[in-house]
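Nothing in this text is a laboratory measurement; each read-out follows from the coordinates by a stated rule. Not measured: the values here are computed from a predicted model. Glycine also receives a Cβ, built like all others from the backbone with ideal geometry; neighbour counts cover every protein chain displayed.
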Amino acid sequence: MPERKERADAVRNREAVLAAADALFARSDSPRSVSMDEVAAAAGVGKGTLFRRFGDRTGLIQALHEARIQPVREAVESGPAPLGPSTPPHERVPALLDAVLGFKLDNRHLALALEETGSGSPYAAGHYAWWHSTLKETLERIPSVRAADFTAHALLAATRADLVEHLMGVQRVTPQQMRQDLTAYTTGVLGNGSKG
């Protein structure tokens, strides 16, 4: 059955809601403090429209995340080096982790909101599963890496939004330093396999 084209007003409403939610999350101390009423009012839509479209705050956060991550996902799935699938694995692993960290640095409020949704284990979330499987499959191509599944989890732990927030907010680590430290950590984990 052919896919139905979304009505123009529905597209406009969706974009208005995502923009309003993004702005409100960016201004708040915690995404939890932003109500669906506030999002609906800022977007100029009824609360019913918001709930029909996104279900709840978690659905809204996930939709906003998906809209933002899509260009990165496309680069990872079909783009050129250093993120694309044809990149040698010892080069791709640090690039993938830098992309995760870069996204979280550029979207701190959204990354925190996603991790704070309280919808169960963060390891069961679709976005995490996608990054983990991509990283694991790449690590499996490096002979010196013995436990690709665990190693992918351990490396991704270094990019958690709450850790990024702590490093920047409490320890005052700069984004550049964080990226350099993550690359050094990744190179150490990969060992000799990172040299080719």
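Could you give the dipole magnitude of the chain about its Cα centre, charging the beta-carbon of Lys and Arg +1 and that of Asp and Glu -1, in debye to the nearest 20?
140 debye
At R0 = 30 Å, how high is the FRET efficiency between R53 and E165 if r is their beta carbon distance? Nearest 0.05 is fine. Can you show the working numbers first?
Values: r = 29 Å, r/R0 = 0.95.
Calculated transfer efficiency: 0.55.
What ratio of Cα Rg to 2.2 N^0.38 Å holds for the chain?
1.14
What is the P(r) of segment 28-72, as percent of Cα-Cα pairs per 10 Å bin from 0?
The percentages, shortest bin first, are 26, 53, 21, 1.
Quote to one decimal, in nm, the extra length available between S144 and T174 on full extension: 0.36 nm per residue of separation minus the C-alpha distance between them.
Extra length available between S144 and T174 comes to 7.7 nm.
Would you mind getting me the FRET efficiency between R32 and R68? Use the beta-carbon distance for r and R0 = 22 Å, nearest 0.05.
Rounded to the nearest 0.05, the efficiency is 0.70.
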